[in-house]
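Contents: one structure, followed by commentary.
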Amino acid sequence: MDRLDAMRVFISVVDSNGFSAASRILSMPLPTVSRKIAELESHLGTQLLIRSTRKVTVTDSGRRYYQEVRQILDYIGEAERKVTGEYQLPRGRLTITAPTLFGRLHVLPIVNDFMKLHCDINIQLFLVNHVVDLLEEHIDLGIRIGTLSDSSMIAFEAGSVRQIVCASPGYLSQHDRPLSPNDLAGHQCVTFSKFGAPAEWAFKMPSRKIQRFPVPTRLTLNSIQGAVDSAVRDGGPVQLYSYQAAPHVAEGTLEIVLDGYEIESPPVNIVYPQGRLVPQKLRAFVEFAMPRLRECLALIETQCSV
């Protein structure tokens, strides 16, 4: 039995939550996946996984073994990267995560330009609207909007974005322009939130305190782009990050209201896990991306100036 290979198969089964999924990911026949796990369990003399028709459950022994094996494979991977020169030359695969719309509008163009200069680097870009655990998901670098809560990360602040309320000129011509957050009670707003959750928007009051206001809503979406489109079509006020509204504000299809009540602008950071050595591929991307990301954020601020 190739124990190292069996370990990788075991990790894949646990990570993908199933033998069939692991088989697809590994491009390995399903019977081979099952055989390798059985051989590993026989070698260890303990059951690692409980199989059922619907799911795979990791035993207590399996969970402990998973944690140890994950570290072993990480050390092996790091050793291989050192030997192949990944720490001396910008080469290999770089995995990045960013918010969906921000990533599509501002990160993807940077990635494309970076790849033109570094032909030996391949990039996986995951655009998701939730905070990803970089260590757990084995992601090299993240671009995050908002206050950082994980002090174990190395962070480089590129700038910030505002949290603004916008409405279309057509809507504002037919409704009283809100002059304070309390005025929103007389409007029907467009909101982006989880369905069933009450819509509340945060504002900084003259007392400098942050206060949350319930927002009357006729249309709730789970798509930021959909909320923007609806507001442009006279759907009502919407609260957005400035990068989401900037092109429309610049074109005049959205106007910013209640700007005197905006909360502190959330920072935009490039983050990556602390480590003993920083691969050159990661260092090269940060050095390339930072000035360009700063330019993007400065342009957004200019477009949203009122």
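General remarks:
- Some residue of segment 257-279 being under 24 Å from Asn112 (Cα atoms), touching a Leu at 6+ places or on another chain (Cβ under 8 Å) and part of a helix (DSSP H, G or I): no
- Restricting segment 128-158 to residues that are charged (D, E, K, R) and not in a strand (DSSP E or B), the residue that is most open to solvent (accessible area, probe 1.4 Å): Glu136
- If the condition is being in contact with a Ser or Thr (Cβ under 8 Å, 6 or more places away or on another chain), open to solvent by 80 Å² or more (accessible area, probe 1.4 Å) and either among the acidic types (Asp, Glu) or more than 20 Å from Leu148 (Cα to Cα) (or both), then segment 258-306 contributes only Glu301.
- Among the residues of segment 22-43, those that are open to solvent by less than 70 Å² (accessible area, probe 1.4 Å) and out of contact with any Phe, Trp or Tyr (no Cβ under 7 Å at 6 or more places or on another chain) comprise Ala22, Ser23, Leu26, Met28, Thr32, Lys36, Ala38, Glu39, Glu41.
Each row is one residue, and each column tells you yes or no for (1) modelled with pLDDT of 90 or more; (2) of a type in the set (D, E, K, R); (3) outside any helix (DSSP H, G or I).
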| position | (1), (2), (3) |
| --- | --- |
| Ser23 | no, no, no |
| Glu68 | no, yes, no |
| Gln71 | no, no, no |
| Gly77 | no, no, no |
| Glu80 | no, yes, no |
| Thr95 | yes, no, yes |
| Leu101 | yes, no, no |
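- Any hit, segment 277-291, residues being under 22 Å from the mean Cα position of the chain (by Cα), over 22 Å from Ile139 (Cβ atoms) and free of Cβ contacts under 8 Å to residues at least 40 places away in the same chain: yes
- Candidates Arg283, Arg218, Arg208, filtered to the one that is part of a loop (DSSP other than H, G, I, E, B) and of a type in the set (D, E, K, R): Arg208
- Filter pass, Gly226 being open to solvent by less than 50 Å² (accessible area, probe 1.4 Å), farther than 30 Å from Ala79 by Cβ, without any contact (Cβ under 8 Å) to a residue 40 or more places away in the chain and assigned to a helix (DSSP H, G or I): yes
- Evaluating Tyr243 against the criteria (1) within 27 Å of the chain's Cα centre (by Cα); (2) within 22 Å of Thr302 (Cα to Cα); (3) open to solvent by 20 Å² or more (accessible area, probe 1.4 Å) leaves one unmet condition, (3).
- Contact annotation: no residue pair with Cβ atoms under 8 Å, 6 or more positions apart or on different chains, pairs a residue in segment 107-130 that is without any contact (Cβ under 8 Å) to a residue 12 or more places away in the chain with a partner that is hydrophobic (A, V, I, L, M, F, W, C) and open to solvent by 80 Å² or more (accessible area, probe 1.4 Å).
- Scanning segment 195-205 for residues that are outside any loop (DSSP other than H, G, I, E, B) and open to solvent by 70 Å² or more (accessible area, probe 1.4 Å) yields one hit, Glu200.
- Picking from residues in segment 8-21 that are over 15 Å from Asp74 (Cβ atoms) and of a type in the set (A, V, I, L, M), the one that is surrounded by the fewest Cβ atoms within 10 Å (Cβ to Cβ) is Ala21.
- Arg233 among the basic types (Lys, Arg), open to solvent by 20 Å² or more (accessible area, probe 1.4 Å) and modelled with pLDDT of 95 or more: yes
- Applying the criterion of being among the aliphatic types (A, V, I, L, M) and free of Cβ contacts under 8 Å to residues at least 40 places away in the same chain to the residues of segment 131-178, the residue that is nearest to Glu262 (Cα to Cα) is Val131.
- Residue match in segment 110-127 (condition: open to solvent by less than 50 Å² (accessible area, probe 1.4 Å) and either modelled with pLDDT under 85 or out of contact with any helix residue (DSSP H, G or I) (no Cβ under 7 Å at 6 or more places or on another chain) (or both)): yes
The values are calculated or read from the model by the stated rules, or taken from the named source; none is laboratory data. All of these numbers come straight from a predicted model, not from anything done at the bench. Every residue, glycine as well, gets a Cβ built from its backbone with ideal geometry; the counts of neighbours run over all protein chains shown. Protein only, heavy atoms only, side chains kept; ligands, DNA and RNA dropped before computing areas. Shrake-Rupley method; radii C 1.70, N 1.55, O 1.52, S 1.80 Å.
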